[in-house]
Amino acid sequence: MSAMDAWDSMGLAARVILLILAVFAFLLVFIVIDRFVAYRRAERGGPRPLRDALQRRMHTLAAIKVTGPMLGLLGTLLGLINAFAEWP
């Protein structure tokens with residue numbers, strides 16, 4: 001089964017959950033790169049204070065940390081409900 005076949009077989013709720021998780025993954029990669037750049041600047045004695053540079057976007061990271069697993073669990077439960085709803 002290709003990715004497009006899997007996408008076509010998904011319901012609306014599964015598509016929304018998948019898109020939200022993809023956005024979360026993109027944000028996490030962005031934050032990791034931002035943290036890496038902040039640490040490199042701190043090592044070189046950059047112009048911004050270390051504490052301010054390292055605390056940026058931490059609320060976003062905390063929200064993703066809490067919400068991501070719950071969305072994954074919701075997707076799993078919806079998939080199980082759909083599977084057993086069609087079960088004879």
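The values are calculated or read from the model by the stated rules, or taken from the named source; none is laboratory data. These numbers come from a predicted model, not from an experiment. Cβ atoms come from the backbone with ideal geometry, glycine included; neighbour counts cover every protein chain shown. Ligands, DNA and RNA are excluded from the accessible area calculation, which covers all protein heavy atoms including side chains. Shrake-Rupley method; radii C 1.70, N 1.55, O 1.52, S 1.80 Å.
Assorted remarks:
- Nearest-ten-degree value, helix 58-85 long axis tilted from longest Cα axis of the chain: 10
- Fraction of the pair-distance distribution of region 1-52 above 18 Å, Cα-Cα pairs, percent: 56
- Listed residues LEU21, ASN82, LEU61: farthest to the positive end of the dipole of the chain (Cβ charges): LEU61
- Secondary-structure-derived ellipticity at 222 nm for the chain, considering helices only, amounts to -28000 deg cm²/dmol, per-run term -39500 (n - 2.57) for DSSP H runs with n ≥ 4.
- For the chain: relative contact order, % (alpha-carbon pairs under 8 angstrom, 6 or more apart): 40
- In Å², nearest 10: area of MET70 left accessible to a 1.4 Å probe: 120
- Ordering ILE33, ILE17 by accessible surface, largest first, gives ILE33, ILE17; the 1.4 Å probe counts only protein heavy atoms, with every chain in place.
- The chain - charge dipole about Cα centre, Lys and Arg +1 at Cβ, Asp and Glu -1, debye rounded to 20: 800
- Radius of gyration over Kirkwood radius for the chain, both on Cα atoms: the Rg/Rh ratio is 1.21.
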